[in-house]
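Report on the following structure.
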Amino acid sequence: MFWKRPAAALAAAFLMMSAAAAAAPPALETMLKRPLFYQMGISPDGKHLAATVPMGDDRTILAVLDRETLKVTATLQLREDEHASSFVWANDQRILVMPSKKLGLLDQPFATGEIYAVDADGSRPKMLFGYRTQDDGLSTSHLVKQEWAGASVLHRLPENKNEVLIGVYPWRDAETALPEVRTMDVRTGRTNAVTRAPMPRSSFLTDNDGHVRLNIALRVDHTQVIHVRAAKGGEWSVLHDERDSGYALVPLAFEADGKHVLARREQAKGADSLVRWNIDDNTQKEIAPSGVANPNDVLMDAADRTPYAWISHPDRPQVTFLDPDSREARLLKSLNETFPGQHVVPTGFTRDGGLALVSVASDRNPGEFYLIDTGTMKARFLASTRQWIDPKQMGESRPVAIKARDGTTLHGYLFLPADKPAKQLPLVVNPHGGPHTTRDYWMFDEEAQIFASRGYAVLKVNFRGSAGYGTQFQLAGQREWAGLMQDDLADAVRWTISEGYADKNRICIYGASYGGYAALMNSARYPELYRCTVGYVGVYDLPLMYRDGDTPETMFGRADLDLAIGKEDLDEASPLRHAEKITMPVMLVHGGEDFRVPQKHADRMREALKKAGNEPEWLVKRSEGHGFYVTENRIELYTKLLAFFDRHIGENAKPAQAAKPAQ
C-alpha cells in the first residue's frame with residue numbers, strides 16, 4: 001500500500017554528513033550497509049527530485065523531495081517485502097514506479113514487471129499495469145485488466161504529457177510470443193496498441209520523437225535480426241540479418257533527424273567499432289574504429305535528445321565527444337576539471353536544459369549526486385549514496401594489462417590496500433561470474449574494497465570469454481571453461497607474482513557462479529599457485545547444468561549452454577571430477593533456493609572433496625538464491641571468508657609448502 005513517512009526524518013537521512021572518519025578497517029556492518037538511496041532523478045520542470053530509498057532488507061520506498069528545500073513532499077511504499085526498484089518521471093508531476101518482490105522462500109527480490117504511478121505530492125497512487133491489478137486494493141479502474149506479462153517504459157512522449165510508450169513482454173509461451181508496444185495513460189493505466197514485434201525474444205528502439213522504429217531480435221542460435229518500420233507506422237521489414245552480413249549491430253541511440261542511429265558494429269578482430277547507421281538507405285559510416293574495449297553507452301543532450309558523447313571502458317571510463325562544442329560537452333569538460341580522477345556523468349536534465357543532475361563516482365567513491373546550474377555553472381551537492389564510507393580509506397583499483405602465454409593481452413584490475421606498499425601482498429584472485437555476458441570494471445567494488453581494507457590485494461582479470469572486448473575475444477572462451485580461460489587466470493596470477501605485487505606463498509582464489517567454477521577448476525589445474533580456494537554459488541558439475549536449474553528450461557537457454565560449454569567431455573571439464581587434485585583448504589558457499597545453479601552442485605562437490613580427504617568448510621543459507629541478499633547473511637559470509645583467508649594467507653598464517661603441480 002501507500003503511506004507517508006514523516007518528512008523531517010527522511011529529509012534528515014538524506015542530509016546526513018559524515019562527521020568523522022571511521023576507524024580502520026571499516027566494520028563489515030559499515031561496508032555492507034545498504035546505500036542511502038539507489039537511484040535519483042529530476043523532474044522535467046526541475047521542481048522535484050525523486051529517489052529510491054532502502055528501508056532495510058525488506059522494503060525500498062520512493063521518496064519525492066522539493067528541489068529547492070530538499071524537504072520530502074511524498075513517499076510511496078508498496079506492500080510488505082516489496083521494493084520500488086526503479087522509476088521514471090512521466091511528466092512534471094507523475095512518476096512511474098517499477099517494483100520487485102520476494103518470490104516464495106527467496107530472500108532476493110525479483111522484478112514483477114508491474115508499473116505503479118503516483119504524483120509528486122503523494123496523491124493519486126495507482127497500479128497501472130500488472131498481473132495483480134484485480135486485487136491490488138487500490139480501487140483499480142475497470143479499464144485496467146490483469147496481464148500475465150512484464151512491461152517497461154520505452155519513451156516519455158513529451159508531446160502528450162499523460163501518455164508514455166511501454167513495451168509489453170508476455171510470460172506465457174515466452175519463446176514464441178510476440179512482444180508489443182502500447183501507449184499507456186499514466187493516470188488511468190488504459191493502453192492502446194501501437195505495434196507488435198515481428199519476432200519473439202526481441203526488444204524495441206524508438207526515435208527521439210517516440211516513433212517505434214527498430215526491433216532487435218535473437219534467434220535460438222543467437223544470431224541477430226533487426227527489423228525497421230517507418231516513423232508514421234506500418235509493417236516491419238528486415239533491415240539487417242547477421243546470417244547474411246556476418247556481423248551483429250547493437251543500436252544505441254537515434255540522432256535528432258530520426259534516420260541515423262549510433263550503433264556498435266562487430267569486427268572480425270578487436271573490439272566493436274562505433275558507426276553512424278543510416279536506416280533509410282542501410283549504409284554505415286565509421287565514427288570510431290575498433291579500440292581496446294567496446295563502446296558502452298551514449299550520452300544524450302537535453303534539447304532534442306541527440307547523442308553528444310559515448311563511453312567506453314578500456315581501463316578507466318573514457319568519454320569521447322561526438323560534438324565537442326555542444327553545451328553538454330562543455331559542461332562535462334568543466335566537471336571533469338572540477339572532479340579530477342573521477343567518472344562524471346550527467347544522468348538527467350530538465351526540459352529546458354537549465355539544470356543537470358550529475359553523478360560523480362570512482363574506484364574509491366561509491367557515488368555522489370550534484371545539481372548543476374548549466375547557465376552559471378554552479379554546483380550544489382545533494383547527497384552521497386554511502387556517506388559513511390571514507391574514500392581515503394578505500395583501496396586503489398589499478399588497471400593492469402597482462403600478456404597471456406600466447407601473447408594475447410588481458411585487461412583487468414588490481415585492487416590495492418590503501419595503507420600498505422604495493423608489494424609482496426597476500427592476494428585474493430577473484431574471477432567474475434557470467435562469464436560471457438559480463439566483465440570487470442574500474443568502478444567502486446564493495447567486495448574488493450572489503451578485502452583490500454583487511455590488507456589483501458584483489459586481482460580481477462577479464463579472461464578470454466569475457467564481454468566488452470569484441471566478439472573474437474568473447475568467442476575465444478566458448479567451450480574453453482576448463483581450458484584457455486583457466487590458463488588466462490593462471491597467467492594473470494603469475495604476472496602479479498613476477499611484478500612483485502603478490503607474495504607467491506599467500507594466494508587464494510575465490511569466485512561466484514562461473515567464478516566459483518573457476519576457483520575450483522583453477523585450483524585443480526594449478527594447485528601450486530594457491531593456499532586456499534572458495535566457491536560461492538558455483539557450478540561444479542557441467543552435465544547437471546543441462547538437467548537442473550532455470551537455464552535448460554528454454555530452447556534459448558539450452559542453446560546458450562551449447563555455445564558456452566558444448567556437450568563433449570563435460571565430465572572431464574567439471575571440478576567435481578578433479579577433487580583429488582584440489583589439495584588446499586576449500587570453502588563452499590551456496591543458497592538453498594538457487595534456481596540458476598541449484599545446491600546439488602555444492603552438495604556433490606562437498607562429497608567429492610570428502611572422499612578425496614579434503615572436507616571443505618560449509619556455509620548454506622536455505623532461503624537465499626544465486627548470491628546472498630539479506631544483510632545479516634552477507635555479514636556472516638564475509639566474516640567467515642575473511643577468517644578463512646586470514647588463517648591461510650593472512651599476516652599470522654603459518655607458511656605452507658607449495659603444492660605439487662597437477663599431473
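What follows is calculated from the coordinates using simple rules that are stated; it is not laboratory data. Remember, it's a predicted structure, so these values are computed and weren't measured experimentally. Note: ideal-geometry Cβ built from the backbone for every residue, glycine included; neighbour counts use all protein chains shown.
When peptides 208-214, 234-240 are sorted by average Cβ neighbour count within 10 Å, with the highest value leading, the order is 208-214, 234-240. The alpha-carbon of Lys460 sits under 23 angstrom from the alpha-carbons of these lysines, leaving out residues fewer than 8 places away in its chain: Lys392, Lys403, Lys420, Lys423, Lys504, Lys640. Once a ≥ b ≥ c are taken as the square roots of the eigenvalues of the Cα gyration tensor of region 522-663, is the result rounded (a/c under 1.5), prolate (a/b larger than b/c) or oblate (a/b not larger than b/c)? It comes out oblate by the Cα gyration axes.
Its Cα gyration tensor gives the chain an equivalent ellipsoid; the semi-axes, largest first and in whole Å, are 40, 30, 27. Quick one: grab the alpha carbon gyration tensor of region 290-443, order the square roots of its eigenvalues as a ≥ b ≥ c, and give me rounded if a/c is under 1.5, else prolate or oblate depending on whether a/b is larger than b/c. Judged from the Cα gyration tensor, region 290-443 comes out oblate (a/c at least 1.5, b/c at or above a/b).
For region 151-186, applying the loop criterion from DSSP together with a ceiling of 11 other beta carbons within 10 Å to the trypsin sites (Lys or Arg not before Pro) yields Arg172. Derived value for region 134-246: Kirkwood hydrodynamic radius 15.2 Å. Basis is the mean of 1/r over every pair of different alpha-carbon atoms. When you restrict to C-alpha pairs under 8 Å that are six or more residues apart and normalise by the size of the chain, the relative contact order lands at 9 percent. Tell me, how many Å apart are the Cα centres for region 512-567 and for region 189-205? Going from one Cα centre to the other spans 35 Å. Using Cα centres only, tell me the gap between region 29-56 and region 256-303 in whole Å. With region 29-56 and region 256-303 each reduced to a Cα centre, they are spaced 32 Å.
Computed from the C-beta positions of Lys567 and Val220, the FRET efficiency with R₀ = 22 Å rounds to 0.90. Can you spot the lysines whose alpha carbon is less than 19 Å from Lys378's alpha carbon? Ignore those fewer than 8 places along the same chain. List returned: Lys47, Lys333.
Gain in length, Thr437 to Met55, computed as 0.36 nm per residue apart minus the alpha-carbon separation, to one decimal in nm? Don't skip to the answer; put the middle values down first.
Details: separation 382, 0.36 × 382 = 137.52 nm, distance 3.10 nm.
Here the segment from Thr437 to Met55 would lengthen by 134.4 nm.
Taking 15 Å as the straight-line reach from the Cα of Lys71, the aspartates and glutamates in range (excluding those fewer than 8 positions away in the same chain) are Asp121. Over the residues of the chain, the helix contribution to mean residue ellipticity at 222 nm works out to -5000 deg cm²/dmol, using -39500 (n - 2.57) for each DSSP H run of at least 4. Here r is the Cβ-Cβ distance between Glu446 and Gln318 and R0 is 25 Å; the resulting FRET efficiency, rounded to 0.05, is 0.60. Taking 7 Å steps out from each Cα toward its Cβ at Val620 and Thr554 produces label points 2.9 nm apart.
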